[in-house]
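Below is one structure; the comments refer to it alone.
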Amino acid sequence: MARNKIALIGSGQIGGTLAHLVGLKELGDVVMFDIAEGIPQGKSLDLAQSSPVDGFDAKLSGANSYEAIEGSDVIIVTAGVPRKPGMSRDDLLSINLKVMEQVGAGIKKYAPNAFVICITNPLDAMVWALQKACGLPANKVVGMAGVLDSARFRYFLADEFNVSVEDVTAFVLGGHGDTMVPLVKYSTVAGIPLPDLVKMGWTSQARIDEIVDRTRNGGAEIVNLLKTGSAFYAPAASAIAMAESYLKDKKRVLPCAVHLNGEYGVKDMYVGVPVVIGAKGVERVVEIELAGKDKEGFDKSVASVVGLMDACKKIAPDLL
Ligand code: A3D
């Protein structure tokens, strides 16, 4: 059986970590792409030279032209620029929207059968624009945010309870970042929901609230510490979990930004909800009934994504 081909569009901090993980997990051959000359070539050569030490077989190469991604099975997009001091949200949107247009055109031409995972921020708007730009079916274009947000939540909870991260599950909905909605009652330790753990005296509601807050601001906490960039290890690991579920038809239930068509009362936009990822891409949206504070939080999150989409439509009316 031929190896899978995985293209990484953007070879910065996350792109490099993605390539390393694809190698270590032997998920396939890797093409790193970037507009910066030498970066994808240098990183892929460096990583290839680690393969004899770590004992993995993968071809890793770098490119500055889209031809190199031809026939890719999976494409992970991190291309774009981060928000710099003095740059408005609209400035960032207009730059990264142009990047999504270019990337989308490249995918359309060279890899129309790929499963595409977008990571570029502002995530929910960028994955929506990327799907329009590449024209692939919506079930084959998803955004990574929920796996990362729930991993942060799971890590903080495991730390709080002093239990293995493996035994903590978390359920998050909504857009990426401050408006994400962690569903406390569906988050568990070994199947025991958090509200029960509060009753059992394992923790207090106040501590759970603090952990939810820290999760929502998880990205900003790391930016403040790093000062020159944003998180990259956990974002890369999260996208790899999505790619692996697709490539191995694992049918994992993962929170992803997906195109909704009426589910959760939302139409033609990308929002984070739990989905089944298998060989057909997004195979099923897990739709639960929301009420009270959870519904309020979800609606607020959807409204903030609509705000981003409206700004995008003004900037690129031809595309969107
Ligand atoms: P960084 O290390 O700056 O890498 C971005 C790369 O994109 C650079 O190597 C650029 O040269 C390249 N690039 C810029 N324009 C283009 C273009 N037109 N075509 C191809 N490549 C281009 O950033 P990073 O890897 O740390 O982060 C990448 C993106 O992920 C950013 O937008 C972050 O905001 C975002 N991010 C999202 C999450 C989520 O959870 C959604 C988490 C962390 C980072």
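Rule-based calculations on the coordinates, nothing more; no lab input. Quick caveat, the model's predicted, so the values are computed rather than measured. When we count neighbours, we look across all protein chains shown, and the Cβ atoms used for this are built from the backbone with ideal geometry, even at glycine.
Quickly work out the S204-to-L24 label distance, labels modelled 7 Å from Cα along the C-beta direction, and quote it in nm with one decimal.
3.8
At a Förster distance of 51 Å, what's the computed FRET efficiency of D159 paired with Q102, Cβ-Cβ distance as r, to 0.05?
Working: r = 41 Å, r/R0 = 0.80.
Computed FRET efficiency for D159 and Q102 comes out at 0.80.
What's the FRET efficiency of K227 with E263 using the Cβ-Cβ distance as r and R₀ = 30 Å, to the nearest 0.05?
E(calc), rounded to 0.05, equals 0.15.
Taking the square root of 5 times each eigenvalue of the Cα gyration tensor, what semi-axes in Å does the equivalent ellipsoid of the range 152-293 have, largest first?
Values for the range 152-293, descending: 25, 20, 16 Å.
Please report Rg (one decimal) and Dmax (integer) in Å for the Cα set of the chain.
Answer for the chain, Rg first and Dmax second: 19.2, 58 Å.
Could you pull out every whole DSSP H run in the chain that spans at least 20 Å of Cα extent along its own axis and averages -0.5 or higher on the Kyte-Doolittle scale?
Both cut-offs are met by 89-110, 146-161, 233-247, 292-315.
With labels modelled as points extended 7 Å from the Cα through the Cβ direction, what inter-label distance (nm, one decimal) is found for N113 paired with V286?
Computed distance between label sites N113 and V286 equals 3.0 nm.
Contour minus end-to-end for A2 and L319, with contour as 0.36 nm per residue of separation and end-to-end as the Cα-Cα distance?
Value of the extension gain: 110.5 nm.
Between beta-carbons, use under 13 Å as the cut-off and find the net charge around V172, counting Lys and Arg +1, Asp and Glu -1.
+1
Using 0.36 nm per residue, how much length does the chain from D213 to K185 gain when fully extended, once their Cα-Cα distance is taken away? Don't skip to the answer; put the middle values down first.
Numbers: separation 28, 0.36 × 28 = 10.08 nm, distance 1.59 nm.
Value of the extension gain: 8.5 nm.
Net charge within 14 Å of A58 by Cβ-Cβ distance, Lys/Arg positive one each and Asp/Glu negative one each, not counting A58 itself?
Overall, the nearby charge balance is -1.
For the chain, give me the percentage of DSSP beta bridges that are antiparallel, rounded to the nearest 5 percent.
Bridges in the chain are about 50 percent antiparallel.
Student exercise: in the range 229-320, how many lysine pairs 8 or more apart or on different chains have Cα atoms under 18 Å apart?
Close lysine pairs under the 18 Å cut-off: 6.
Where in the range 36-145 are there trypsin sites (Lys or Arg not before Pro) that are in a DSSP coil and have at most 16 other Cβ atoms within 10 angstrom of their Cβ? Spell out each step's value before the answer.
Details: sites: K43, K59, R83, R89, K98, K108, K109, K132, K140; in loops: K59, R83.
In loop regions of the range 36-145 (DSSP not H, G, I, E or B), the sparsely surrounded trypsin sites (Lys or Arg not before Pro) are K59.
If you consider only alpha-carbon coordinates, what radius of gyration and Dmax does the range 1-126 have, in Å?
Cα-based Rg and Dmax for the range 1-126 come out at 14.7, 51 Å.
So how far, in whole Å, is the C-alpha centre of the range 12-45 from the one of the range 137-166?
Here the two parts' Cα centres lie 23 Å apart.
If you average over every viewing direction, what projected area does the convex hull of the Cα atoms of the range 33-84 give, in nm²?
4.8
What shape does the range 118-160 have by the C-alpha gyration tensor, where a ≥ b ≥ c are the square roots of the eigenvalues, rounded means a/c under 1.5, and otherwise prolate means a/b greater than b/c and oblate the rest?
prolate
With an 8 Å Cα cut-off and a minimum separation of 6 or more residues, compute the relative contact order for the chain in percent.
With pairs under 8 Å counted, the relative contact order is 16 percent.
Longest segment of the chain with no GluC sites (Glu not before Pro) in a DSSP loop having at most 15 other Cβ atoms within 10 Å? Mind showing how you got there, number by number?
Details: sites that count: E26, E37, E70, E287, E289.
For GluC sites (Glu not before Pro) (loop position, at most 15 other Cβ atoms within 10 Å), the longest site-free span of the chain is 71-286.
S51 versus N64, label points 7 Å from Cα toward the beta carbon: distance in nm?
Going by the 7 Å Cα→Cβ label model, 2.4 nm.
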